[in-house]
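Notes to accompany the following structure.
The values are calculated or read from the model by the stated rules, or taken from the named source; none is laboratory data. Please read all numbers here as calculations on a predicted model, not as lab measurements. Glycine gets a Cβ as well: all are built from the backbone with ideal geometry, and neighbour counts include every protein chain shown.
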Amino acid sequence: MSTVLSTSFEMKVPFYDVDSFRLVWHGNYPKYFEIARCQLLDMIAYPYSKMESSGYFYPVIDLQVKYVQPIIFEQDIVVSAALKEWRDKLVINYAIHDRDTGQRLTKAQTTQIAVQMPGNITLFQAPQEMLTAVDTAIKKYSSK
């Protein structure tokens, strides 16, 4: 399945995200992905708050990261998120690039599943609310 929706944001790496070598500590990368993921979910008009109010949680069940090049203190980066799958599970691909050179620094992927609340019932197909939100967003952004 190809990418259908994507978003990105730029940031300058802050000091509090780096280790003593002034490299972004590996545990901070998921934070960058989460920011991009929330931006993507806002774009779809189905953010976590709406998921929860419609009776679902979407926990991350898998995170894969490939650290291609180190990211350093004060480096200007672009973090992107692209929706890959949404019908059975939510799969989002990520990339981090140097803003100035375009060099890829990191790539990653998360997988999330719908869990119906209350009861913690794992669903093996996305709820209709998610499907409708994605279909609407695809129509909205493909016409631009």
Handout entry: Residues located in the stretch 76-91, provided they are closer than 21 Å to Q116 by Cβ and either in a strand (DSSP E or B) or aromatic (F, W, Y) (or both)
Key = E85, W86, L90, V91
Problem - Residue among V18, V4, V68, V24 that is among the aliphatic types (A, V, I, L, M), in contact with a helix residue (DSSP H, G or I) (Cβ under 6 Å, 6 or more places away or on another chain) and free of Cβ contacts under 8 Å to residues at least 60 places away in the same chain - result: V24
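For the stretch 100-144, which positions are charged (D, E, K, R), touching a Lys or Arg at 6+ places or on another chain (Cβ under 9 Å) and either in a strand (DSSP E or B) or under 25 Å from P30 (Cβ atoms) (or both)? Break it down into steps so the answer makes sense when it comes.
Here is the first cut: in the stretch 100-144, the ones charged (D, E, K, R) are 100, 104, 107, 129, 135, 139-140, 144.
Keeping just the survivors that are touching a Lys or Arg at 6+ places or on another chain (Cβ under 9 Å) gives 107, 129.
Within the stretch 100-144, just K107 meets the criteria.
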Practice task
Name every residue in the stretch 126-139 that is out of contact with any strand residue (DSSP E or B) (no Cβ under 7 Å at 6 or more places or on another chain) and more than 15 Å from M51 (Cβ to Cβ), in order of residue number.
Solution key: D135, T136, K139
Exercise for the section: Can you work out which of the residues in the stretch 35-50 that are buried (at least 16 other Cβ atoms within 10 Å of the Cβ) and assigned to a helix (DSSP H, G or I) is nearest to the chain's Cα centre (by Cα)? Expected result: R37
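Restricting to the stretch 51-64, what's the tally of residues that are within 15 Å of the chain's Cα centre (by Cα), surrounded by 15 or more Cβ atoms within 10 Å (Cβ to Cβ) and assigned to a strand (DSSP E or B)?
1
Just checking, how many residues over the stretch 91-123 are of a type outside the set (A, V, I, L, M) and within 20 Å of the chain's Cα centre (by Cα)?
Result for the stretch 91-123: 14.
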Problem - Filter pass, Y67 being closer than 18 Å to M11 by Cβ, crowded, with 21+ Cβ neighbours inside 10 Å and modelled with pLDDT of 95 or more - result: no
Handout entry: Condition broken by M11, with the remaining ones in (1) assigned to a strand (DSSP E or B); (2) buried (at least 18 other Cβ atoms within 10 Å of the Cβ) satisfied
Key = (2)
Problem - Of all residues making up the stretch 28-56, the number that are within 20 Å of K107 (Cβ to Cβ) and at pLDDT below 95 - result: 0
